[in-house]
1. Which pairs in the list LYS177/LYS208; LYS3/LYS208; LYS104/LYS140; LYS3/LYS200 are over 30 Å apart, alpha-carbon to alpha-carbon?
2. How large is the dipole of the range 1-124 about the Cα centre if only Lys and Arg carry +1 and Asp and Glu carry -1, each at its Cβ, rounded to the nearest 20 debye?
3. Apply the Debye scattering formula to the chain, with a single equal point scatterer on each alpha-carbon and no solvent, then give log10 I(q)/I(0) at q = 0.09, 0.10, 0.11 Å⁻¹.
4. To check you understand DSSP bridge types, tell me what percent of the beta bridges within the chain (both residues inside) are antiparallel, rounded to 5.
5. Give the span of the range 49-176's Cα atoms along each principal axis, as three whole-Å numbers ordered largest to smallest.
6. Just rank ASP55, ASP207, fewest to most, by other beta-carbon atoms within 10 angstrom.
Amino acid sequence: MEKMKILVVDDESRMRKLVRDFLEREGFQVFEAGDGMEAMDIFYENRDIALIILDVMMPRMDGWQVCREVRQSSRVPIIMLTARGEERDELQGFSLGVDEYISKPFSPKILVARVEAILRRTRDAQAQETLEAGGIELDKTAHIVKLDGEPVELSYKEFELLTYFMENRGVALSREKILNNVWNYDYFGDARTIDTHVKKLRSKLGDKGNYIKTVWGMGYKFEVA
């Protein structure tokens, strides 16, 4: 099994080594960076990094700048380390998308426990954001649909419709219910728009379009034999 990658960013080499030793003992693969610019280079070269441990005060590029740049393209969990422990620092960190905040000095064992807890939460959240049925894989976060591993292009509403069907697998759904949940309650158009979108969606799904069954006089049901 491939080891999960963690990037440790701190300008104190002693601190990096301490954290690295504890993380490697728990089976993680650790990358080290002594400043923010080095951290970004490593991050862009290793986009499968699972978590970043990031010091605030660093030369060339501080932790806040690193956090801002990472958040432009990634939701990778970030733990911020600071020597200050001031409330305004914590508030700034959370506003930038920091997942956890730990003040120095800290227990390495507690840090490892926090790392493992965040990674568990991330895995659980990702599992909830991914739907799979009969060779259809749907990633709600990335807005990607794959048929037997091959991506398929869907419009925004087709994607929302397929998501609703897959989340309600085996349930007969009326046109009114579909309209209210996919097009929202403020939609005043003709319910036949659902039939049009279902027809297009079935076509794009190929033979898997047969999973969307017509319930005569009512609506539709997503069912995989």
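1. LYS3/LYS208; LYS104/LYS140; LYS3/LYS200
2. Working: 20 positive and 24 negative charges, 67 e Å.
Dipole magnitude for the range 1-124 comes out near 320 debye.
3. With no solvent term, the Cα-only Debye profile gives -0.54, -0.62, -0.70.
4. Beta bridges within the chain, antiparallel portion: roughly 50 percent.
5. Extents along the principal axes: 56, 31, 29 Å.
6. Details: ASP55 25, ASP207 10.
The fewest-first ordering by Cβ neighbours comes to ASP207, ASP55.
Laboratory data are not the source of any read-out in this text; all were calculated from the coordinates shown. Keep in mind it's a predicted model, so treat the numbers as computed, not measured. Because the Cβ atoms are built from the backbone with ideal geometry, glycine has one as well, and the counts that use them run over all protein chains shown.
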